[in-house]
Amino acid sequence: MNIRKKISVLLLLLSLILALLPLSANRSFVERPDRLLSDVLDEDVSFTVDQVAEFIVREDPSVQLIDLRPPEDFRKQAVPGAVNVPYPEFIKSDPDIWLGNSNIRNIFYSTGDLEPDYALVYARGLGYDNSYVMEGGIAEWERTIMQTRFTGDRITARENALFETRRRAGEMYTELNSLPDSLKSKFLESRKFSAKKLDGGCE
Amino acid sequence: MKYLKHYWLVVTIFLIVVLFVLFRSFSRHDFRYDAARWAGPSVTGTNIITEEQISALRGEILLISLGNQAAAIDQLHDKTMKVNPESILEKGTLSVIRKNKGPVILFSDDSSVTARVWMVLSEMGMQNLYILHDEENRVY
């Protein structure tokens with residue numbers, strides 16, 4: 001075998017090795033494991049339901065709530081301002097669609113804790129440091145925001161502010177979730193992300 | 001040989017790139033390629049296991065307590081490690097996990113910590129890795 005053939009065979013073999021490597025390398029974690037671990041175990045990556053309630057009441061434009069539950073659960077009960085990205089869809093598709101705007105803090109929530117925490121590590125691992133979780137998910141929201149009651153004789157200014165935020169957020173939650181199904185579906189549909197629309201450009 | 005002399009620079013660069021890619025792909029100290037694939041069990045829920053299901057697992061079972069629940073579980077299983085979540089990536093701990101010939105089960109009194117540690121380890125290429133939860137669907 002002459003040298004040209006030998007080189008060709010070598011290059012073909014190496015190309016074959018490269019071809020066998022996974023193709024979705026563009027969606028591999030970019031952080032170092034130790035750094036990512038300390039990042040996601042830090043308290044700063046979580047918001048309490050009270051903090052989230054405040055964002056909602058203030059209609060804070062720098063916050064985007066991402067509901068990871070299945071669409072049928074989201075249609076039944078949704079936190080005002082949230083968009084629905086079911087967890088399997090979140091993992092399967094390009095997260096840049098939802099997390100690409102670095103000026104927005106994305107807060108994941110679900111029924112409980114597991115899926116938002118997976119999503120948090122996944123997103124931060126891919127380099128989206130604007131990702132957070134709402135502690136306790138919808139269950140904690142129901143417990144803390146919806147069941148809040150004032151029972152004492154006196155209330156401090158701070159307690160009053162907290163109670164008012166919870167009451168207002170609770171009202172917004174109830175208003176949204178008591179809309180007739182047709183209106184609610186339209187409202188939630190309008191809040192759904194569309195990759196096509198987000199591609200940008202004027203028509 | 002004369003062709004090699006002509007193309008030595010191209011071939012060298014190509015070989016360096018190949019070696020770099022191979023190292024990056026199969027390095028055991030870093031994250032693996034294809035994040036979605038390694039997150040797969042969290043989508044299907046096959047990474048969640050109950051105490052009853054543990055006995056059906058094959059191989060040497062390693063239980064890792066990431067909190068203070070070890071006492072309740074280690075009565076049932078001999079091989080239980082108590083690890084601070086922040087230290088799970090230390091060389092010694094990783095070596096024990098990797099050398100274990102069987103399933104590795106994580107549990108903690110804080111389900112968030114367990115889920116986060118599971119995802120980090122899984123993305124590092126660890127398979128046969130589970131999260132323990134009890135019958136009331138409460139994750140340890």
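Each reported figure results from applying straightforward, stated rules to the coordinates on display, with no laboratory input. Model, not experiment: these values are computed from the prediction. All Cβ positions, glycine included, derive from the backbone under ideal geometry; neighbour counts span all protein chains shown.
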- How many Å³ per residue does the convex hull of the Cα positions in the range A:97-165 occupy? 109
- Note on the structure: The correct pair for the range A:3-190, radius of gyration to one decimal and Dmax as a whole number, both in Å and from Cα atoms, is 22.0, 94
- For peptide B:106-113, the mean count of other chain Cβ atoms within 10 Å per residue Cβ is 3
- Query: Ranked from highest to lowest mean number of other Cβ atoms within 10 Å per residue, what is the order of the peptides A:37-44, A:3-10, A:154-161?
  - Reply: A:37-44, A:3-10, A:154-161
- Query: Which peptide among A:67-73, B:112-118 comes first, and what is the full order, when sorted by highest mean count of other Cβ atoms within 10 Å?
  - Reply: B:112-118, A:67-73
- Could you list the GluC sites (Glu not before Pro) in the range B:97-136 that lie in coil according to DSSP, counting only those with at most 10 other Cβ atoms within 10 Å of their Cβ? B:135, B:136
- Would you mind computing, in nm to one decimal, how far apart the modelled labels at residue B:10 and residue A:167 are, each placed 7 Å from Cα along Cα→Cβ? 7.8
- Item | Inter-chain shielding of A:120-130 (mean C-beta neighbours from other protein chains, 10 Å cut-off) | 3
- Distance in nm between residue A:35 and residue B:93 label points, each 7 Å along Cα→Cβ, equals 2.0
- Between residue A:17 and residue A:149, what is the label-to-label distance in nm when each label sits 7 Å out along the Cα-to-Cβ direction? 7.0
